[in-house]
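Undergrad: Handing you this structure, nothing more for now.
The values are calculated or read from the model by the stated rules, or taken from the named source; none is laboratory data. Quick caveat, the model's predicted, so the values are computed rather than measured. Cβ sites come from the backbone with ideal geometry, for glycine too, and all protein chains shown count toward neighbours. Only protein heavy atoms, including side chains, enter the accessible area calculation; ligands, DNA and RNA are left aside. Shrake-Rupley method; radii C 1.70, N 1.55, O 1.52, S 1.80 Å.
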Amino acid sequence: MASNAWTEEGISVLDRGFRLLLIVLLCSACAVFGVAGRAEPVAAQQESSLITLPEATGSESIGVVDLHLVDASRLDPYVPARARELMVSIWYPAADSAAIPLRPWVSEQMWRVYTDGLAKAGLPIVGSLPLGSSHGHVDAAANSAAGRRPIVLFSPGMGLPRETSTAQAEDLASHGFVVVTMSHTYESMATEFPGGRLEKSVLLPGADADEVNAQIGQAIQTRVADTRFILDRLTDISAGIDPDADGHPLPANLAGILDLSKIAMFGHSLGGATAAQVMHDDRRVAAGVDLDGTLMGSVLTDGLDRPFVLIGSTDHGRAQDPSWQQFWANDRGPKMELRLDGSQHLSFCDNQAIVPALTAAGIMPADFAAKVVGTIAPQDSLDLQRAYLRTFFDTTFGRYEDLTNAAATILLHPEMIAIP
């Protein structure tokens, strides 16, 4: 593994930055209002698309590359006859990319997996449902003019593929971050590899409580190992080594913009628990965010000594979740809890964009949609999530020069509630 890049002085800087974030969030009066294996580029997003990703809010163009990674040192815990293999997407600030095609948001066969899930929930979709592209330009050259960029890792909820949080990933990239999203093979509903090979989940449907607990325990261990393996591959990329199992070339300048001294992580649901445990096990990750995930593992008893944020849905917080209570009591680092009022558990991913579009098209009943993504206005929910993630990572890594700049770029809203 790479050596620890975080000195006591570095941690102290993070602590001061996090305290600045607390001041910004709580005291400022300034208010501003395809999982594809290796995605085939598509034409620019059509206005006729029924479901579209919201525009990224940053000023930088976005590039994206999909990488096929194989951990030859580890047998896959789900399919022991194979070495562990993963698909990741790296979203990054790109140089002039206007002429470069866009990556699909979700590939056609992965979209079929998603709509099949809707059908099982009693919402059959007949025919093709128009889906917009992402805003990431495939394999575009990275923008090296601003030097090295902070890195943010992302892990999705249990069973979800990495593309289910594309709106968050590409928005961070548009603000100058390099964002690495991962699909956890055989736990994700499906993962698509180069050539269209689709590896579906091997988790047992309808498992009893003991089986579910065993699945979750295995998943968290596997996810932590996946993440640490990916961290090592980022070190390789920074050194000019292409880790792609198929030799797919890295985008120009990507190696030169990775700042391995500034790495954070966030995740949704089990991905949030993964972020916390990875921080516990690997000091290369300096800050983290849990989006509505119950915590587990040794991080509960040991806590952390670096900045960490808990963001819960309407009925999820320390008052309801014993794991959050235990973590909070044992955590030694800067911490914050927030609640997104009017949200539900699946508000914290791209369902917040997909479900309202299905409702508007008459495909999904409004009362069912409310159970999935809550009653908060979809754009408010997306804006809040993006702004708070961005501001936390910006402030943690000292990208704000002063409080005024921070306050002017954060979105304060009565539906994002700080929990003392």
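Undergrad: With respect to the numbered conditions (1) crowded, with 22+ Cβ neighbours inside 10 Å; (2) within 29 Å of ALA56 (Cβ to Cβ), which one is the sole condition not fulfilled by TRP324?
TA: The one condition TRP324 does not meet is (2).
Undergrad: Among residues belonging to segment 248-264 that are under 30 Å from TRP324 (Cβ atoms) and over 13 Å from the mean Cα position of the chain (by Cα), point out the one that is least open to solvent (accessible area, probe 1.4 Å).
TA: For segment 248-264, the residue satisfying everything is ILE263.
Undergrad: Condition test on THR404, is it more than 22 Å from the chain's Cα centre (by Cα), modelled with pLDDT under 90 and open to solvent by 50 Å² or more (accessible area, probe 1.4 Å)?
TA: For THR404, the condition - more than 22 Å from the chain's Cα centre (by Cα), modelled with pLDDT under 90 and open to solvent by 50 Å² or more (accessible area, probe 1.4 Å) - is met.
Undergrad: Something else now. Go through (1) within 20 Å of GLN221 (Cβ to Cβ); (2) crowded, with 20+ Cβ neighbours inside 10 Å; (3) among the small types (Gly, Ala, Ser) one by one and return the number of the condition SER298 breaks.
TA: Here SER298 clears every test but (2).
Undergrad: Condition first: out of contact with any helix residue (DSSP H, G or I) (no Cβ under 6 Å at 6 or more places or on another chain) and among the β-branched types (Val, Ile, Thr). Now tell me which residues in segment 245-276 satisfy that.
TA: Hits for segment 245-276 are ILE257, ILE263.
Undergrad: Could you tell me whether segment 61-76 includes any residue that is at pLDDT 95 or above, in a loop (DSSP other than H, G, I, E, B) and touching a Phe, Trp or Tyr at 6+ places or on another chain (Cβ under 8 Å)?
TA: Scanning segment 61-76 turns up at least one residue that is at pLDDT 95 or above, in a loop (DSSP other than H, G, I, E, B) and touching a Phe, Trp or Tyr at 6+ places or on another chain (Cβ under 8 Å).
Undergrad: Give the number of residues within segment 285-312 that are among the hydrophobic types (A, V, I, L, M, F, W, C) and either part of a helix (DSSP H, G or I) or more than 20 Å from PRO156 (Cα to Cα) (or both).
TA: 3
Undergrad: Quick one: which of ILE51, ILE62, ILE90 is touching a Ser or Thr at 6+ places or on another chain (Cβ under 7 Å), within 30 Å of LEU382 (Cα to Cα) and either surrounded by fewer than 17 Cβ atoms within 10 Å (Cβ to Cβ) or of a type outside the set (S, T, N, Q) (or both)?
TA: Selected residue: ILE62, the only one of ILE51, ILE62, ILE90 that is touching a Ser or Thr at 6+ places or on another chain (Cβ under 7 Å), within 30 Å of LEU382 (Cα to Cα) and either surrounded by fewer than 17 Cβ atoms within 10 Å (Cβ to Cβ) or of a type outside the set (S, T, N, Q) (or both).
Undergrad: Hey, could you check segment 137-155 for residues that are touching a Gly at 6+ places or on another chain (Cβ under 6 Å) and more than 18 Å from SER238 (Cβ to Cβ) and say which is most open to solvent (accessible area, probe 1.4 Å)?
TA: HIS137
Undergrad: Oh, and also: Show the residue pairs meeting these rules: Cβ distance below 8 Å; 6+ apart or different chains; first residue within segment 367-391 and under 19 Å from HIS175 (Cα atoms); second residue open to solvent by less than 10 Å² (accessible area, probe 1.4 Å) and at pLDDT below 90.
TA: From segment 367-391, the pairs are ALA387/ILE410; TYR388/ILE410; THR391/LEU21; THR391/VAL24; THR391/ALA406; THR391/ILE410.
Okay, residues lined up against (1) over 16 Å from the mean Cα position of the chain (by Cα); (2) closer than 18 Å to LEU382 by Cα:
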{"site": "PHE266", "(1), (2)": "no, yes"}
{"site": "GLN277", "(1), (2)": "no, no"}
{"site": "ALA287", "(1), (2)": "no, no"}
{"site": "LEU291", "(1), (2)": "no, yes"}
{"site": "LEU300", "(1), (2)": "yes, no"}
{"site": "LEU304", "(1), (2)": "yes, no"}
{"site": "PRO307", "(1), (2)": "yes, no"}
{"site": "HIS316", "(1), (2)": "yes, no"}
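Undergrad: Tell me which residues, restricted to segment 179-233, are more than 24 Å from ALA276 (Cα to Cα), acidic (Asp, Glu) and surrounded by 15 or more Cβ atoms within 10 Å (Cβ to Cβ).
TA: Hits for segment 179-233 are GLU192, GLU199.
Undergrad: In the set ASP350, ASP341, which member is touching an Asp or Glu at 6+ places or on another chain (Cβ under 9 Å), of a type in the set (D, E, K, R) and open to solvent by less than 10 Å² (accessible area, probe 1.4 Å)?
TA: The unique qualifying residue is ASP350.
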